[in-house]
Amino acid sequence: MRIFLGGTCNESDWRDKLIPLLKVDYFNPVVEDWTEECIKTEDDEKHNKCDVLLFVITNKMTGVYSIAEMVEGCFLEDKTVVYNIIPDGFDEGQLRSLKAVEKILKNNGALGFIGNNVDRLANILNN
């Protein structure tokens with residue numbers, strides 16, 4: 001099994017907390033210099049090499065592309081989407097919207113939760 005570590009970048013430290021807890025292979029798409037080659041590599045990992053597509057959403061999110069990727073992942077053949085929305089720092093309206101996204105994800109087979117528990121997330125991914 002190989003996990004794609006998608007979701008919020010922008011100096012969000014969730015990957016630094018999760019990676020030491022993983023007992024499975026993973027692909028971390030974060031690089032210092034984002035190039036066209038990086039985009040191709042990321043797409044290849046998502047579509048061809050990774051079985052599980054993880055998306056962690058934090059309040060450091062500045063765009064909405066990760067939200068679109070989560071939903072798209074539900075419709076990719078032979079992929080399991082796992083999500084974790086960390087609610088800290090989002091306002092009420094944003095949380096309502098993220099809960100609506102969560103409903104769409106769950107209705108389309110995704111696994112995950114809203115909360116801030118890296119141990120719980122690692123347990124889901126390692127099993």
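Points to keep in mind about this one:
- Correct choice for semi-axes √(5λ) of the Cα gyration tensor in Å that was computed from the model, options (i) 22, 18, 13; (ii) 48, 16, 11; (iii) 20, 17, 16: (iii)
- Residue order, fewest to most surrounding Cβ atoms within 10 angstrom, among 65, 83, 26: 65, 26, 83
- Once you reduce the range 5-39 and the range 48-63 to the center of their Cα atoms, the two points are 9 Å from each other.
- Charge dipole of the chain (Cα centre as origin; +1 on each Lys and Arg Cβ, -1 on each Asp and Glu Cβ, all else neutral): 620 debye, rounded to the nearest 20.
- Put in line by how crowded their Cβ is, counting other Cβ atoms within 10 Å and starting with the fewest, 34, 14 read 34, 14.
- About its Cα centre, the range 1-71 has a charge dipole of approximately 380 debye under the convention of +1 per Lys or Arg Cβ and -1 per Asp or Glu Cβ, with nothing else charged.
- Built amide H within the under 5 Å cut-off of residue 26, gap 5+: 3
- Modelled this way, with points 7 Å down the Cα-to-C-beta line, the labels at residue 100 and residue 117 are 2.7 nm from one another.
- Estimated [θ] at 222 nm from DSSP helical runs (n ≥ 4, -39500 (n - 2.57)) normalised by residues in the chain, nearest 500: -11000 deg cm²/dmol
The numbers here are math on the coordinates, done by the rules we state, and not lab data. Owing to the predicted nature of the structure, the values given are computational and were not obtained by experimental measurement. Methodologically, a virtual Cβ is constructed for each residue, glycine included, from the backbone with ideal geometry; neighbour enumeration extends over all protein chains shown.
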